[in-house]
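Report on one structure; see the data block that follows.
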Ligand code: RUQ
Ligand code: CUA
């Protein structure tokens, strides 16, 4: 049974193409239940009857056929979305075009089904989650019970997704998590020094040398100066662009190989990595270069007014390859456990430059060829497209307008802009297809604008033109095209991430779900294929990857600890189970399989330390077992082959019926045992 299924799943990723082509799809698409006949022009027989009964128009039927995934055809979800779960602190994995949620991955909050966050050694929320050096308030952060997952960043090789790791930042608390795509589990939560918050600055460099994360609100690195923080804001607050070095084997971020570039205390916002011609550079847009601090209750202006004074804010342009050399040369200062290139050094070494961006900018998105950088102005109906070639030439020629108050050179707007396109109201984010189109979300218009880039994609009058506009429902924030952040977008679909849904779903209370709209990009006009309610968090941003890039393990080799993906020294095989008492420590080596725990009785005295090493000795995929101890908040999940180590104090006496939380077999309810804690 299991082998058949595995073959099917492998068929989906390896040999799936054979299933898709040929007569199978043709027959289903035409809805001919007799298995023959049926014309490409329309429906026949029963399919037409059903469409009529349900009041479906021919367009509805076409959309349904484009998105329907028949039972048992996993290969037909050609792409996978990795979605931030917003305030849920989790990541959602969804299939495209089905738009079905396949997985919820706990990152910054516990995920009960997978036993994530309940005290096993796989619980990086408790055992990790702080910087080795302590990021100032790490202890307080350890008690955090939520995070705001924001910008997912899939690892890349040569600017293409490689299906190895996923990084995601915590907007609220300046942390970053790493999900291992071998088993889709979170392996690291890092509390990034000198970052109190972060927004859209999370991405990987072209070959995943680094994952980047930058401050949003500037940081008070000397926490003892809170009283002066707002009055001496320009002097004592700073931004930080962080390059976290990635271990290529494990995906772990290694702080001792990482560095930061200190930035002016503007509010650094969205960021993106250079690619191909611009590899080695990063771009961070900012707002509030006015350095407004609010204070409407202390005689000041509201922040929204103070931060909207300037006609231009500043895009930060950082040469990270050069920064790497400066770090190697030792020209850094260690602040809170990380090497920092101070602002003066960044200027004198030619690492940091600024470029004017119009009207409360949002988003900086690098085109697939690395040449174009698109910035939106939230208060400007245009997108501005910069040319990297021009940026580089201006830097080399030292063609600067002036320096800002920190001495950072500001490039001349007119000498680096390639084009501007009037797209509509409230432009935010841009994605691309492979043919040289940009797709920009318009928050105020509730629309997606499709427009053309310049050469080599479009020449002369055809360049920088609005091509199409699509209404979405409603208030779009981000949007994503498949592989749209890479050098090779796979532009068949776009997903519009809408903040509001108002009337799109049945009434389910005063807070409506957010709405992911799947958009077909293959026709001349963009077309909305489906609405998908998302009732979790505020799913903020998403990356979409070809499904066949995922090389997830089907089952762990026996005795694997997911934290290392290697054999766990405490793993047991059948027959090796035992318990030992050593002073006040009770240590148990337990196996689990259908349908028993062995040993199934644990005896402890009140005050003992209990250490459990639990091995799921099953080899069959999906033969997962849970292990829960009521009232002790112990809730572990063990996939076949997996080992978990748990430690807790037996501090409450009584008899506790441990049980398997997974409906694993006909005798699942009998998969139970006792923990007896005596006075
Ligand atoms: S950024 S507003 Cu991802 Cu638009 Cu948060
Ligand atoms: Cu194991 Cu239920």
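The values are calculated or read from the model by the stated rules, or taken from the named source; none is laboratory data. For clarity, every value in this text was computed on a predicted model and none was experimentally measured. Here Cβ is always computed from backbone atoms with ideal geometry, including for glycine, and neighbour counts include all displayed protein chains.
Take the residues in region 628-641 that are within 13 Å of ligand 2 (Cβ to nearest atom) and within 28 Å of the chain's Cα centre (by Cα); name whichever of them is surrounded by the most Cβ atoms within 10 Å (Cβ to Cβ). Before you say what the answer is, go through the steps one by one.
Kept after step one, since they are within 13 Å of ligand 2 (Cβ to nearest atom), are these residues of region 628-641: 628, 636-640.
In the following step, the residues that additionally are within 28 Å of the chain's Cα centre (by Cα) were identified as 636-640.
On the way: 636: 26, 637: 24, 638: 28, 639: 23, 640: 23.
Per the criteria, the residue is 638.
Return the residue satisfying two criteria in turn: it lies in region 525-550 and is at pLDDT 95 or above and part of a loop (DSSP other than H, G, I, E, B), and of such residues it is nearest to ligand 1 (Cβ to nearest atom).
Taking the candidates together, the pick is 541.
Considering only residues that are within 16 Å of ligand 1 (Cβ to nearest atom) and part of a strand (DSSP E or B), which ones fall in region 405-437?
427, 428, 429, 430, 431
Looking at region 374-402, which of the residues that are assigned to a strand (DSSP E or B) and touching a helix residue (DSSP H, G or I) at 6+ places or on another chain (Cβ under 8 Å) is nearest to residue 312 (Cα to Cα)? Give the derivation first.
At the first step, the residues of region 374-402 found to be assigned to a strand (DSSP E or B) are 374-377, 382-387, 400-402.
Subset that is touching a helix residue (DSSP H, G or I) at 6+ places or on another chain (Cβ under 8 Å): 386-387, 400-401.
On the way: 386: 15, 387: 18, 400: 15, 401: 13 Å.
Restricting to residues being assigned to a strand (DSSP E or B) and touching a helix residue (DSSP H, G or I) at 6+ places or on another chain (Cβ under 8 Å), the top hit is 401.
So, restricting to helices (runs of 4 or more DSSP H) that lie completely within region 250-369, which ones have at least 1 residues that are crowded, with 18+ Cβ neighbours inside 10 Å?
Working: elements: 303-306, 320-328, 343-348.
Of the helices (runs of 4 or more DSSP H) lying wholly inside region 250-369, those with at least 1 residues that are crowded, with 18+ Cβ neighbours inside 10 Å span 320-328, 343-348.
Condition (residue is farther than 24 Å from residue 443 by Cα and either in contact (Cβ under 8 Å) with a residue 12 or more places away in the chain or within 16 Å of ligand 2 (Cβ to nearest atom) (or both)) applied to region 511-530: is it met by at least one residue?
As a first pass, look at region 511-530 and keep what is farther than 24 Å from residue 443 by Cα: none.
No, that holds for no residue.
Based on this model, can you work out whether residue 318 counts as within 26 Å of residue 412 (Cα to Cα), modelled with pLDDT of 95 or more and assigned by TED's automatic domain parsing to the domain that holds residue 185?
Details: within 26 Å of residue 412 (Cα to Cα): yes; modelled with pLDDT of 95 or more: yes; assigned by TED's automatic domain parsing to the domain that holds residue 185: yes.
Taking the combined requirement at face value, the residue satisfies it.
Name the residues in region 614-627 that are buried (at least 20 other Cβ atoms within 10 Å of the Cβ) and either more than 28 Å from the chain's Cα centre (by Cα) or in a strand (DSSP E or B) (or both), would you? Spell out how you get there, then give the answer.
Here is the first cut: in region 614-627, the residues buried (at least 20 other Cβ atoms within 10 Å of the Cβ) are 614-618, 623-627.
Matches in region 614-627: 614, 615, 616, 617, 618, 623, 625, 626, 627.
Would you be able to say whether some residue in region 603-615 is within 15 Å of ligand 2 (Cβ to nearest atom) and under 20 Å from residue 124 (Cβ atoms)?
Pass one, region 603-615, residues within 15 Å of ligand 2 (Cβ to nearest atom): 614-615.
Of the ones still in play, those that are also under 20 Å from residue 124 (Cβ atoms) are 614.
So far as region 603-615 goes, yes, one or more of its residues are within 15 Å of ligand 2 (Cβ to nearest atom) and under 20 Å from residue 124 (Cβ atoms).
To keep it simple, each residue is scored yes or no on (1) over 22 Å from the mean Cα position of the chain (by Cα); (2) more than 15 Å from residue 368 (Cα to Cα); (3) within 16 Å of ligand 1 (Cβ to nearest atom); (4) surrounded by fewer than 21 Cβ atoms within 10 Å (Cβ to Cβ).
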{"position": "449", "(1), (2), (3), (4)": "yes, yes, yes, no"}
{"position": "466", "(1), (2), (3), (4)": "yes, yes, no, yes"}
{"position": "471", "(1), (2), (3), (4)": "yes, yes, no, yes"}
{"position": "485", "(1), (2), (3), (4)": "no, no, yes, no"}
{"position": "493", "(1), (2), (3), (4)": "no, yes, no, no"}
{"position": "498", "(1), (2), (3), (4)": "no, yes, yes, no"}
{"position": "503", "(1), (2), (3), (4)": "yes, yes, no, yes"}
{"position": "508", "(1), (2), (3), (4)": "yes, yes, no, yes"}
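Could you check region 447-462 and list, in sequence order, the residues that are out of contact with any strand residue (DSSP E or B) (no Cβ under 6 Å at 6 or more places or on another chain) and assigned to a loop (DSSP other than H, G, I, E, B)?
Result: 455, 456, 457, 459.
Please find, among 331, 342, 275, the residue that is under 19 Å from residue 211 (Cα atoms) and in contact with a strand residue (DSSP E or B) (Cβ under 8 Å, 6 or more places away or on another chain). Spell out the reasoning first.
Values: 331 fails: under 19 Å from residue 211 (Cα atoms); 342 fails: under 19 Å from residue 211 (Cα atoms).
Just one listed residue meets the conditions, 275.
Taking only region 589-612 into account, find how many residues are buried (at least 17 other Cβ atoms within 10 Å of the Cβ) and closer than 12 Å to residue 648 by Cα.
Number of matching residues: 5.
Looking at region 667-679 only, could you name the residues that are under 38 Å from the mean Cα position of the chain (by Cα) and touching a residue at least 60 places away in the same chain (Cβ under 8 Å)? Steps first, answer last, please.
First, pick out the residues of region 667-679 that are under 38 Å from the mean Cα position of the chain (by Cα): 668-669, 671-672.
Of everything in region 667-679, those that are under 38 Å from the mean Cα position of the chain (by Cα) and touching a residue at least 60 places away in the same chain (Cβ under 8 Å) turn out to be 668, 671, 672.
Within region 576-585, is there a residue that is outside any loop (DSSP other than H, G, I, E, B) and over 30 Å from residue 676 (Cβ atoms)?
So in region 576-585, the residues outside any loop (DSSP other than H, G, I, E, B) come out as 578-582, 585.
Narrowing further to those that are over 30 Å from residue 676 (Cβ atoms): none.
No - not one qualifying residue is present in region 576-585.
So residue 111 passes all but one of these: (1) surrounded by 15 or more Cβ atoms within 10 Å (Cβ to Cβ); (2) modelled with pLDDT of 95 or more; (3) in the same structural domain as residue 527 (by TED's automatic domain parsing). Which condition number does it fail?
Going through the list (1) surrounded by 15 or more Cβ atoms within 10 Å (Cβ to Cβ); (2) modelled with pLDDT of 95 or more; (3) in the same structural domain as residue 527 (by TED's automatic domain parsing), residue 111 breaks only (2).
From the set of residues in region 643-665 that are more than 10 Å from ligand 2 (Cβ to nearest atom) and assigned to a loop (DSSP other than H, G, I, E, B), which is surrounded by the most Cβ atoms within 10 Å (Cβ to Cβ)? Before the answer, list the steps.
Our first condition is that a residue be more than 10 Å from ligand 2 (Cβ to nearest atom); within region 643-665, this holds for 643-658.
Within this subset, residues satisfying the condition of being assigned to a loop (DSSP other than H, G, I, E, B) are 650-653.
Working: 650: 24, 651: 11, 652: 10, 653: 14.
In this case the residue turns out to be 650.
Only one of (1) surrounded by 19 or more Cβ atoms within 10 Å (Cβ to Cβ); (2) in contact with a helix residue (DSSP H, G or I) (Cβ under 8 Å, 6 or more places away or on another chain); (3) over 26 Å from residue 485 (Cα atoms) is not met by residue 562, so which one is it?
(2)
Quick one: residue 514 ticks every box in (1) within 16 Å of ligand 1 (Cβ to nearest atom); (2) within 21 Å of residue 368 (Cα to Cα) bar one, so which box is it?
(2)
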